[in-house]
Amino acid sequence: MPLALLALAISAFGIGTTEFVMMGLLPDVADDLGTSVPTAGYLVSAYALGVGIGAPLLTALGSRIPRKRMLVWLMAVFTVGNLASALAPNFGWLIAGRLLAGLPHGAFFGVGAVVAARLVREGRQARAVATMFLGLTIANIVGVPAATLLGQRLGWRATFLIVAAIGLIAMASLARLIPPLPAEERTGLARELRALGDRQVLLGLLTTVFGFAGIFAVYSYLASMMTRVTGLAESSVPLVLALFGIGMTLGALAAGPLTDRALRPTLYGSLAGLALVLMALHFAAPVAWAAMVTVVLVGAIGFLTTTPLQMLVMNKAHQAPTLAAASNQSAFNLANAGGAWIGGLALSAGWGWTSPALVGAVLAALGLAVAVTAGLLDRAPHDPSRIVARSDDAPAPAEAGARTGGGS
């Protein structure tokens, strides 16, 4: 794999740390700013809203900017947003800082996914994209637990100062390691929007929204679930988050090869498995060892869904792969916001601290239903211009690697 993928993974590490660390810090932020845990959960939704707004907007605005420069500028906005979060004087300003930090998230992964695919030879594009996302999973093993522990010891503001420093390191890595790449050839906004309006693309985005919402309905309140139901001490929360991150890493490592080999079966299997393990978490939560094992499984099976979902929409919207990939990140974070909100509704209704797990299982099952429906409707001839990855339907053409700058 090219060394340039390391720069993308470092950036993903920083993004993953700031995205997921808020879940572990919700009780601390709520106590410090004088609000409830469900209300503090809006900080998760604010970041996700930023992603939803920024992904299509910044991708469109930056379409003429060379890819390397675009990635560096996006990380600069990310860094400023985290610095603003660290310095926020009250809850409202913290909401604004989180929204700003989320703005470049989707555009970065949209541009980064296409760049990663261009850096490798044909047949390894899903592995390259999964390598970039590996930074997210490592963030959940190292970055999120360490940042959570730091926030518990030194205050949550210190966490965002550290993330801002990671952002600076990521900017330097991108500038140093990413080769010069031109912006994609302009196809026209109307044509790109038509590509996004393809039925299969829309169903893929809807699958992302429902399927991933199931994860965040649980993960947003995992710290509280483990302390209030499982009976773990607050000091054990970083360990729980690390276990979730280990699961995510295992899922990411498996996702690339499985997606390159058989895209739709990987997607179906991961969504079905996610619904089952989320249901299992509801029953396993009161028993510490069972809860820990299930947390690992939720991370692994949940993150196994990300690469096939990303590659599916990029394949189906081959005329606008960057915009499609960025839009899928909007869908991921709409799932983030929606999952946190629905999980919070279940808690506010008094259904108990494990109720988000059952809500998540239902959402994952809905995602599976949409995915299967899309597969049944996908009867169109295979398009020879697909540029990103192979699916189970048919092997991608050999010339795609040359067109995308493939070659390791």
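Given [x] 61; [y] 31; [z] 37 as candidate values of percent of Cα pairs over 31 Å apart, which corresponds to the one derived from the coordinates?
Identified label for the calculated read-out: [y].
For the chain, list the DSSP H helices whose alpha carbon atoms reach 24 Å or more along the long axis and whose average Kyte-Doolittle value is 0.5 or above?
Long hydrophobic helices here: 4-33, 42-61, 67-86, 91-118, 156-177, 199-219, 237-261, 263-284, 321-348, 355-377.
Treat each spin label as a single point 7 Å out from the Cα along the C-beta direction, and report the ALA349 to ASP32 distance in nm.
With each label point 7 Å from Cα toward Cβ, the separation is 3.3 nm.
Given N residues in segment 133-183, what is Rg(Cα) / (2.2 N^0.38 Å)?
Numbers: Rg = 13.9 Å, N = 51, 2.2 N^0.38 = 9.8 Å.
That works out to 1.42 for segment 133-183.
At a 1.4 Å probe radius, carbon and sulfur cover how many percent of the accessible area of segment 2-88? It would help to have the intermediate numbers written out before the result.
Values: 2060 of 2880 Å².
C and S fraction of accessible area: 71 percent.
Whole angstrom only: what separates the Cα centroid of segment 308-365 from the Cα centroid of segment 1-78?
A separation of 16 Å, based on Cα centres.
Anyone know which of GLY92, GLY360, GLY343 comes out most mobile in the 10 Å Cα GNM of the chain?
With Cα springs under 10 Å in the chain, the top fluctuation among GLY92, GLY360, GLY343 is at GLY92.
Can you put TRP73, TRP341, TRP353 in order of accessible area, largest first, using a 1.4 Å probe?
Reading off the accessible areas and sorting them downward yields TRP73, TRP341, TRP353.
As a test question: what accessible area, to the nearest 10 Å², does LYS68 have when a 1.4 Å probe is rolled over all protein chains in place?
About 50 Å², rounded to the nearest 10.
Would you mind working out the magnitude of the charge dipole of the chain relative to its Cα centre, with +1 at each Lys and Arg C-beta and -1 at each Asp and Glu C-beta, to the nearest 20 Debye? Can you show the working numbers first?
Details: 24 positive and 16 negative charges, 172 e Å.
Approximately 820 debye in magnitude.
What does the accessible area per residue of the chain come to in Å², with a 1.4 Å probe and no ligands, DNA or RNA counted?
On the way: 14750 Å² over 408 residues.
Per residue, the chain has 36 Å² of solvent-accessible surface.
Going by a ≥ b ≥ c, the root eigenvalues of the Cα gyration tensor, does segment 37-137 fall in the rounded group (a/c under 1.5), the prolate group (a/b larger than b/c) or the oblate group?
Numbers: a/c = 2.64, a/b = 1.89, b/c = 1.40.
Note, shape of segment 37-137 comes out prolate.
How much accessible surface does VAL229 have with a 1.4 Å probe, in Å² rounded to 10?
Probe radius 1.4 Å; accessible area of VAL229 about 50 Å².
Which one, MET248, MET132, MET292, has the greatest fluctuation when you compute a Gaussian network model over the chain with C-alpha springs under 10 angstrom?
MET292
Using Cα springs under 10 Å in a Gaussian network model of the chain, which residue among PRO89, PRO321, PRO27 shows the largest mean-square fluctuation?
Taking springs between Cα atoms under 10 Å, the residue moving most is PRO89.
Putting +1 on Lys and Arg Cβ atoms and -1 on Asp and Glu Cβ atoms, find which of LEU57, PHE160, LEU99 reaches farthest to the positive end of the dipole of the chain.
LEU57
So for GLU19, GLU234, GLU122, what's the accessible-area order with a 1.4 Å probe, most first? Intermediate results must be reported in sequence, preceding the final value.
Numbers: GLU19 15, GLU234 100, GLU122 40 Å².
Reading off the accessible areas and sorting them downward yields GLU234, GLU122, GLU19.
Roughly how many percent of the accessible protein surface of segment 169-326 is carbon and sulfur, given a 1.4 Å probe and a whole-percent answer? Kindly include the intermediate steps, with their values, before the conclusion.
Details: 4010 of 5740 Å².
Ligands and nucleic acids excluded, carbon and sulfur reach 70 percent.
The values are calculated or read from the model by the stated rules, or taken from the named source; none is laboratory data. Just so you know, these numbers come straight off a predicted model, no measurement behind them. As a convention, Cβ positions derive from the backbone with ideal geometry for all residues, glycine included, and neighbour counts pool all protein chains shown. Side chains are part of the model used for accessible areas, which takes the heavy atoms of the whole protein and leaves out ligands, DNA and RNA. Shrake-Rupley method; radii C 1.70, N 1.55, O 1.52, S 1.80 Å.
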